[in-house]
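Trainee: One structure follows; several queries about it will come next.
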Amino acid sequence: MSNETVFAMLELIDTHCLSQRKHITRNTGAWVMALFARLDDVGTMDGDQVSLLRELGKKAVIVQLSFVNAAAAMRLEEVAASERYADGEADVDVESDVIAVGVESTEAATVHPTGEADDTEHTLAALDMILTVVDQAKYETLYKHFHSHPELSDQETQTASRIVSELKQLSPDFDIREHIGGHGLAALLSNGSGPTVLLRADTDALPVLERTNLPYASSVRMKDADGVEKPVMHACGHDFHITSLLVAAETLVSCRASWSGTLLLIFQPAEERGTGAQAMVDDGLYDPKRHAVPIPDIVLGGHVMPHRSGVIGTRRGLVASSADSMRITLHGRGGHASMPHRLVDPVIMAASTVIRLQTIVSRETDAWDTAVVTCASIQAGDAENVVADDAKIAVDVRTINPETRRRTLASIRRIVNAEAVAGNAVKEPTIVPTRSSPLTINDETLTAELEETFTAHFTEDAKAYTPVMDKLGGSEDFSILGTSVGKPCSFWMYGGTSHEVWDKAEKEGRLGEDIPINHSGLFAPVIQPTLQVGTDAYVVGALTWLMKEG
């Protein structure tokens, strides 16, 4: 890229972004990052070019600072203005001044021991502070790798191995602790005194056949916990969570001069089974005699959802329902289909049970309350003329308060047992719980602080940030990482649907029909801006508590 091209592009940035005091990250995208990444040859430019570039860099620093600390930005602007009009005075140390008021910086810039720096060093320092340059193309490729190599819950071997490899490449300072609760990982980056902030990403995939037709679609098949081979897909966006947290890790590593405290990254397995977080805690995640991970002060996480890409939201209080899943087996006596009088038909028992279970919501739950009881699977035999001995039902339950949860689970047991008696079952039904996730309740104070920084970074807008995001459609075990040690949590959501697809469906009133949801074989969030928003959320969330005060 020639110097002429560089300066033509910088002029566009100045005209369309800096002069209008817009946030670079949100308005110029990945090509700006690539441009800044190629300015390391600034030392070869002539004096006039360096001077122009330096002034633009300072202007950009001031604009970016204004989104974080308007008063500090004004002070810095006054310093810069006085420098321009003070003939013969020494250059202001832009890097030191900006770090003092809390703008992101990297360790790449050099300041002489005397506090003075030449134009080249000033320019690079200013540009580094505008935006931490991350190789987006590399991470988009990494995302595609994770998407095309999904692994089922409790089998995330290769996923965990790749995450460890990426973290080791980012910095030798990461203290990585593996095999926590199965394939869980904790990565610690200590950076002076301050709070410990936990950022969590889940890593497992689902037994779903991918139908997206993407060039990097999954063709993986694995045996599930029952030994049955299934197609596997990242149909819930955990591949985005992993990649976003790795990008955030690189960003936070490169701007360590701007924050102080301990960064704790958790890559959690088996979220889809609702067991991963508890397994990590039970395996001694925080136990000084086991994995000895420091107890966090703040616990943060997020999830990609079938909303418009670029949209991100928080919500105070209840954000996700509790979840309980179980497998029910009704025991009969099978035989030839032509002699039903000689049988105890488990299919009839199962059919009656499925119908009766629907009355828990319609006839036992207050209309002002919310509960979901879904019979997601029913299996009994596989031949037309043979009645099986047993019928199996898979049941999933969602509730939004503890008392409704207790009553709903009790009703399921009552109905299943009663239908078994009515059907003359040969023995009592077998009920095996398979997953349990708590209510996810965002801490009010914690979320209020996030509202301030998210508003400053993303801007509050229907197509950007909202503090009243819809509740999560599913459930989460994320909060166990905090509630198990009495620490506050907050969980945000962000969209992944392309603007074109979303806007068309919204215009036609077909959002419910045309937007694939999580766990669908068609769920395929667009890579950008989804990856950038997911990354920004982790970084801004962490810096809400880790950023040095001016």
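Trainee: Can you classify the stretch 433-511 as rounded, prolate or oblate using the Cα gyration tensor, where a ≥ b ≥ c are the square roots of its eigenvalues, rounded means a/c under 1.5, and otherwise it's prolate if a/b beats b/c and oblate if not?
Mentor: Because a/c hits 1.5 or more and a/b fails to exceed b/c, the stretch 433-511 counts as oblate.
Trainee: Another question, then. For the stretch 470-541, treating each Cα as an identical point scatterer without solvent, what Debye log10 I(q)/I(0) comes out at q = 0.17, 0.20, 0.25 1/Å?
Mentor: Summing over Cα pairs of the stretch 470-541 leads to -0.82, -1.01, -1.24.
Trainee: Oh, and also: How large is the convex hull of the Cα atoms of the stretch 362-502 per residue, expressed in Å³ as a whole number?
Mentor: 199 Å³
Trainee: Right, next: Sum up the charges of everything whose Cβ sits under 11 Å from the Cβ of Gly302, counting Lys and Arg as +1 and Asp and Glu as -1, but leave Gly302 out. Don't jump to the answer; show the numbers that get you there.
Mentor: Numbers: positive: Arg200; negative: Asp202, Glu476, Asp536.
Residues close to Gly302 contribute a combined charge of -2.
Trainee: On the principal axes of its Cα set, how long, how wide and how thick is the stretch 135-220? Give whole Å, largest value first.
Mentor: If we take the Cα atoms of the stretch 135-220, the spans are 49, 32, 20 Å.
Trainee: Let me ask something else. Lys and Arg at +1, Asp and Glu at -1: add these up for the other residues within a Cβ distance under 13 Å of Ile355 and post the number.
Mentor: Numbers: positive: Arg356, Arg363; negative: Glu419.
With Lys, Arg at +1 and Asp, Glu at -1, the neighbours total +1.
Trainee: Identify, among Thr404, Thr455, Met349, the residue whose Cα sits farthest towards the positive end of the charge dipole of the stretch 320-470, taking +1 on the Cβ of Lys and Arg and -1 on the Cβ of Asp and Glu, with the dipole about the Cα centre.
Mentor: It is Met349, whose Cα lies furthest towards the positive end.
Trainee: Follow-up. Can you give the local net charge around Ala380? Use residues other than it whose beta-carbon is closer than 10 angstrom to its beta-carbon, Lys and Arg +1, Asp and Glu -1.
Mentor: Residues near Ala380 contribute -3 overall.
Trainee: Still on this model: With a ≥ b ≥ c the root eigenvalues of the C-alpha gyration tensor of the stretch 261-394, is it rounded (a/c under 1.5), prolate (a/b larger than b/c) or oblate?
Mentor: Prolate, since a/c reaches 1.5 and a/b exceeds b/c.
Trainee: If R0 is 60 Å, what FRET efficiency do you get for Val386 and Arg406 from their C-beta distance, rounded to 0.05? The partial results should precede the final answer.
Mentor: Working: r = 40 Å, r/R0 = 0.66.
Here the calculated transfer efficiency is 0.90.
Trainee: When the distances between all Cα atoms of the stretch 281-344 are binned every 10 Å from zero, what whole-number percent does each bin get?
Mentor: Percent of pairs per bin, in order: 12, 19, 21, 17, 12, 16, 4.
Trainee: Find the centroid of the Cα atoms in the stretch 336-399 and in the stretch 139-180, then give the distance between the two in whole Å.
Mentor: 40 Å
Trainee: Kindly report the accessible area of the stretch 329-465 per residue (heavy atoms of protein chains, probe 1.4 Å, no ligands, DNA or RNA), in Å².
Mentor: Ligands and nucleic acids excluded, the figure is 56 Å² per residue.
Trainee: A further question on this structure: For Asn417 and Leu214, calculate 0.36 nm times their separation in residues minus their Cα-Cα distance, and state this gained length in nm to one decimal. If you can, show how the numbers build up before the last one.
Mentor: Working: separation 203, 0.36 × 203 = 73.08 nm, distance 4.63 nm.
Fully extending the segment from Asn417 to Leu214 adds 68.4 nm.
Trainee: Further question on the same structure: What are the ³J(HN,Hα) couplings of the stretch 311-325, residue after residue, when phi is run through the Karplus curve with 6.51, -1.76, 1.60 and θ = phi - 60°? Round to Hz, x for glycine and proline.
Mentor: Listing the rounded values in order: 7, 9, x, 10, 7, 7, x, 4, 10, 8, 6, 7, 9, 9, 10 Hz.
Trainee: Take every Cα-Cα pair in the stretch 344-422 and report what % of them are more than 23 Å apart.
Mentor: Working: 801 of 3081 pairs.
Summing the P(r) of the stretch 344-422 above 23 Å gives 26 percent of all pairs.
Trainee: Can you list residues from other chains, or at least 5 along the same chain, whose modelled amide H is less than 5 Å from the amide H of Asp154?
Mentor: Placed amide hydrogens put Ala270 under 5 Å from Asp154.
Trainee: Taking the Cα centre of the stretch 127-221 as origin, work out the dipole magnitude from +1 charges on Lys and Arg Cβ and -1 charges on Asp and Glu Cβ, in debye rounded to 20.
Mentor: In total the dipole reaches around 180 debye.
Trainee: Let me ask you something else. When the gyration tensor of the stretch 426-476 is built from Cα positions, what are the square roots of 5 times its three eigenvalues, in whole Å, from largest to smallest?
Mentor: Details: eigenvalues 322, 32, 9 Å².
One finds semi-axes of 40, 13, 7 Å for the stretch 426-476.
The values are calculated or read from the model by the stated rules, or taken from the named source; none is laboratory data. Note that this is a predicted model, so its numbers are computed, not measured. Cβ atoms come from the backbone with ideal geometry, glycine included; neighbour counts cover every protein chain shown. Each accessible area value is taken on the protein alone, full model and side chains, heavy atoms only, with ligands, DNA and RNA left out. Shrake-Rupley method; radii C 1.70, N 1.55, O 1.52, S 1.80 Å.
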